[in-house]
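> I am attaching a structure below and will ask some questions about it afterwards.
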Amino acid sequence: SLSRLEFWGTILKMTLAKYILEVGCNTGQNLGCIAEFMPDSNTIWGCDVNNKALSICKTRHREHNIIHSSGFDLPFRDSYFDLVFTAGVLIHQKPEEVEVMMQEIMRVSRLYVLALEYGNSIFEDVPYRNQREALFKGPYGEIYEKKYGLRFVAAGYLYEERVDGKLITVNSQNKEGSREGITWWLLSKR
């Protein structure tokens, strides 16, 4: 099993990414892990549309570049980032709209795209906070690969569990039992 920090260490070793953007950074948990491996953290960016989450993120991560922006209209030039990723963001886009965001993510990525999302072979509407059409499990990695021609690099399945009273992120190549977790796909533009 890997902690969230170890997961990010593995991803950064695989990609050697220096300029990184998280689309939908929320309060910055992932950005904090990435910064542990990157002393030049002024190359770490996060964006979100949730002002409350952004305020928390900016307080926690003053050294990062945290901005208010939608994943549908990223204010960066083409191919600016080595790695662009989402974690639980694509799942909140309607299937007929998600590809617009994916195209924008690919536009600003020079090398890699990473999606950490609830995976499924087809889009499935899952009740979220007593709402319909607010969360969709889907074939996000497959869309990046088959529709947009990105090259598969690696994938896995993450879920969180408590070990010795601590919440850890577990990385597995296979879904284990009925645990709810997320699928991750790392894809390359080359």
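> Once phi is turned into ³J(HN,Hα) by the Karplus curve 6.51 cos²θ - 1.76 cosθ + 1.60 with θ = phi - 60°, what whole-Hz value does each residue of the stretch 127-136 show in order, with x for glycine and proline?
Going residue by residue, I get x, 9, 6, 6, 10, 9, 6, 10, 8, 10 Hz, with x marking Gly and Pro.
> Would you mind ranking Cys47, Cys57 so that the residue whose beta carbon has the fewest other beta carbons within 10 Å leads the list? List each step's numbers first, then the result.
On the way: Cys47 21, Cys57 24.
If I rank by nearby Cβ atoms, fewest first, I get Cys47, Cys57.
> Could you give me the percent of Cα pairs per 10 Å distance bin for the stretch 35-107, shortest bin first, beginning at zero and ending with the bin that holds the maximum distance?
For the stretch 35-107, the binned pair fractions read 17, 49, 31, 4 percent.
> How much of the DSSP beta bridge set in the chain is antiparallel, as a percent to the nearest 5? Spell out each step's value before the answer.
Values: 23 of 41 bridges.
Bridges in the chain that DSSP calls antiparallel: roughly 55 percent.
> Given H placed 1.01 Å from N in the peptide plane, which residues other than close sequence neighbours of Lys137 have an amide H under 5 Å from its amide H?
Placed amide hydrogens put Glu124, Val126 under 5 Å from Lys137.
> Still on this structure, please answer the following. Over 22 Å between Cα atoms, which of Lys13/Lys147; Lys13/Lys189; Lys58/Lys94 qualify? Show your work: numbers first, answer last.
Working: Lys13/Lys147 27 Å; Lys13/Lys189 17 Å; Lys58/Lys94 28 Å.
In this structure, Lys13/Lys147; Lys58/Lys94 lie more than 22 Å apart at Cα.
> Please order Asp82, Asp48 by the number of other Cβ within 10 Å, starting at the fewest. Can you show the working numbers first?
Details: Asp82 18, Asp48 23.
Fewest-to-most Cβ neighbours within 10 Å comes out as Asp82, Asp48.
> For the stretch 1-82, which GluC sites (Glu not before Pro) are in a loop by DSSP, counting at most 14 other Cβ atoms within 10 Å?
Working: sites: Glu6, Glu22, Glu36, Glu63; in loops: Glu63.
For GluC sites (Glu not before Pro) across the stretch 1-82 that sit outside H, G, I, E and B with at most 14 neighbouring Cβ atoms in 10 Å, the list reads Glu63.
> Name the long-range amide H neighbours of Gly46: under 5 Å, sequence gap of 5 or more, or other chain; modelled H, no Pro or chain starts.
Glu22, Asn65, Ile66, Ile67
> Related question: Hey, what number do you get for the chain at 222 nm if only DSSP H runs of n ≥ 4 count, each worth -39500 (n - 2.57), divided across all residues, to the nearest 500?
Values: 4 runs with 45 residues, N = 190.
Taking each H run of at least 4 residues, the total per residue is -7000 deg cm²/dmol.
> A further question on this structure: Would you order Leu21, Leu74, Leu5, Leu31 from fewest to most other beta-carbon atoms within 10 Å of each residue's own beta-carbon? Each step should come with its number before you reach the end.
Working: Leu21 28, Leu74 21, Leu5 15, Leu31 25.
Ascending Cβ contact count within 10 Å gives the list Leu5, Leu74, Leu31, Leu21.
> Follow-up question, since we're still on this one. Let me have the relative contact order for the stretch 95-160, percent, based on Cα pairs under 8 Å that are six or more residues apart.
Values: 51 pairs, mean separation 14.7, N = 66.
Computed over the stretch 95-160, the figure is 22 percent.
> Follow-up. With no solvent and one point per C-alpha, what does the Debye sum give as log10 I(q)/I(0) for the chain at q = 0.16 Å⁻¹?
One equal scatterer on each Cα of the chain leads to -1.05.
Readers should treat all values here as calculations from the given coordinates under stated rules, not as data from a laboratory. Here the structure is a predicted model, which is why all the values come from computation and not from measurement. Note that each Cβ is placed from the backbone with ideal geometry, even for glycine, and that neighbours are counted across all protein chains shown.
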